[in-house]
Amino acid sequence: MSNSVTLANAKLTGVGAYLPQKIVTNDELATRIDTSDEWIRTRTGIRQRHLASEEETSVFMAKKAALAALDYAQLKPEDIDGIIVATSTPDQVFPSVAVRVQAELGMTQGFGFDLSAACSGFIFALSTANNFIKARQAERILVIGVEVFSRLLDWSDRTTCVLFGDGAGAVILEANAKKGEGLLSTKLHSDGRYGDILYVDGAAGNSDSKAKLKMNGREVFRHAVTHLADAVEEALSEQGLTGADIHWLVPHQANQRIIDGVARKLQLDANQVVVTVDRHANTSAASIPLALSEAVKDGRIKKGDLILMEALGGGLTWGSALLRF
Ligand code: ACO
């Protein structure tokens, strides 16, 4: 379905990030589980990951990223009228991470809620916030992706535990982008028939044991390559654009081979792709805002650049977003 623009899009005015202090390299993991730096690096591109301490909860990390984004945009918490948090690892079932961040920021105005779409969560949250803003229900929304996947991992399962890391990223979306600027297009998809290739085996109320992440890596890889190629094509063609128009690909950071596959399809140079998977591993809903924040703050992404974001995750869920910065 087309979402061609009739109302003013949201523009992105702030970026921020937080990574846990503790870094664990592949070599350190290999002292505890039967794996090696060589195996992990050649199949995924991952060299290390940040892992949260007890104190580094989802709320703690989301608040840090939110404060950094507010600082970048030179805004105060009272300027914000909505918080949407994409996460699969809230600290509690409720209150949501969003309303706890709202309280931590001293906000009494506006609304907050969490959104669950696994690794695609940030794309789904961006799209939701954009539509709230276009519908004039909010002027400024903090969109946060935060995960402490380390608490969901089965640390005895070497096929999954080496792939993930913890962290948070935040952006601020504001009303009234000029024509041709801001979030030009977002595309969302899901297909629940493939829920069993990447899932967490429990939730509050249906399991006595701690819920753990399970994955059929090969199947996830297969779906990622086809769906992501289609999702980026869909976002570009709606705007009459091609890969040649893109300045930056800011992909979900699951695996270097998946990232390279999408970049090849778009005929992008390696230096047009923002990569953090080597240092952050897969931080699920946090990976895109973490990468975006890094590339904006180090000056790679400049005003007016066209940015393509894409993600696929458990559900299956997948989508893309096209942003003129
Ligand atoms: N260290 C050493 N050996 C390992 C490890 C490990 N950490 N994990 C698995 N192996 C072994 C397996 O046991 C197997 O051994 P065997 O041949 O003796 O049975 C061998 O390595 C090959 O295993 P495969 O699972 O076939 O490895 P594959 O080449 O498919 O790579 C991987 C696995 C990296 C997970 C790949 O399938 C992949 O990248 N899939 C995408 C999944 C993904 O990125 N998920 C993230 C979440 S979803 C998302 O964000 C998109």
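The values are calculated or read from the model by the stated rules, or taken from the named source; none is laboratory data. Being a predicted model, the structure only gives us computed values, none of them experimental. Glycine gets a Cβ as well: all are built from the backbone with ideal geometry, and neighbour counts include every protein chain shown. Only protein heavy atoms, including side chains, enter the accessible area calculation; ligands, DNA and RNA are left aside. Shrake-Rupley method; radii C 1.70, N 1.55, O 1.52, S 1.80 Å.
A compact table of results
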item	result
So I33, is it within 14 Å of the ligand (Cβ to nearest atom), in contact (Cβ under 8 Å) with a residue 12 or more places away in the chain and of a type outside the set (S, T, N, Q)	yes
Subset of region 57-71 (residues that are assigned to a helix (DSSP H, G or I) and not small (G, A, S))	V59, F60, M61, K63, K64, L67, L70, D71
Residue in region 88-95 that is away from the ligand (no atom under 16 Å from the Cβ), acidic (D, E) and open to solvent by 10 Å² or more (accessible area, probe 1.4 Å) present	yes
Test: T128 is closer than 23 Å to Q253 by Cβ and open to solvent by 10 Å² or more (accessible area, probe 1.4 Å)	yes
From the options A263, A295, residue that is under 23 Å from A86 (Cα atoms) and not charged (D, E, K, R)	A295
Long-range neighbours under 9 Å by Cβ, at least six apart or interchain, first residue more than 20 Å from A118 (Cα to Cα) and open to solvent by 10 Å² or more (accessible area, probe 1.4 Å) within region 304-323, second assigned to a strand (DSSP E or B) and not hydrophobic (A, V, I, L, M, F, W, C)	G304/R324; D305/R324
Residue selected from region 216-232 under the condition open to solvent by 30 Å² or more (accessible area, probe 1.4 Å) and among the β-branched types (V, I, T), by the criterion farthest from the ligand (Cβ to nearest atom)	T226
Those strands (runs of 3 or more DSSP E) lying entirely in region 72-185 with at least 2 residues aliphatic (A, V, I, L, M)	82-86, 140-148, 166-174
Subset of region 149-182 (residues that are more than 13 Å from the chain's Cα centre (by Cα) and among the β-branched types (V, I, T))	T159, T160, V162, I172
Close pairs (8 angstrom Cβ cut-off, 6 or more residues apart or separate chains): over 19 Å from L51 (Cβ atoms) in region 83-102, among the aromatic types (F, W, Y) and open to solvent by less than 50 Å² (accessible area, probe 1.4 Å) anywhere	A86/F122; A86/F124
Tally, over region 233-259, of residues that are surrounded by 16 or more Cβ atoms within 10 Å (Cβ to Cβ), part of a helix (DSSP H, G or I) and within 16 Å of the ligand (Cβ to nearest atom)	3
Some residue of region 19-26 being part of a helix (DSSP H, G or I), within 16 Å of the ligand (Cβ to nearest atom) and over 18 Å from E294 (Cα atoms)	yes
Candidates H227, H223, H189, filtered to the one that is in a strand (DSSP E or B), over 24 Å from G299 (Cα atoms) and touching a Phe, Trp or Tyr at 6+ places or on another chain (Cβ under 7 Å)	H189
Hits in region 36-55 - residues which are open to solvent by 100 Å² or more (accessible area, probe 1.4 Å), more than 15 Å from V277 (Cβ to Cβ) and either more than 10 Å from the ligand (Cβ to nearest atom) or touching a Gly at 6+ places or on another chain (Cβ under 8 Å) (or both)	E54, E55
Flag if R136 is surrounded by fewer than 23 Cβ atoms within 10 Å (Cβ to Cβ) and touching a Ser or Thr at 6+ places or on another chain (Cβ under 8 Å)	no
All positions within region 139-164 that are surrounded by fewer than 24 Cβ atoms within 10 Å (Cβ to Cβ), more than 19 Å from I23 (Cβ to Cβ) and within 14 Å of the ligand (Cβ to nearest atom)	L152, D154, S156, D157, R158, T159, T160
Which numbered condition L7 misses (of (1) part of a loop (DSSP other than H, G, I, E, B); (2) more than 16 Å from the ligand (Cβ to nearest atom); (3) under 28 Å from G217 (Cβ atoms))	(3)
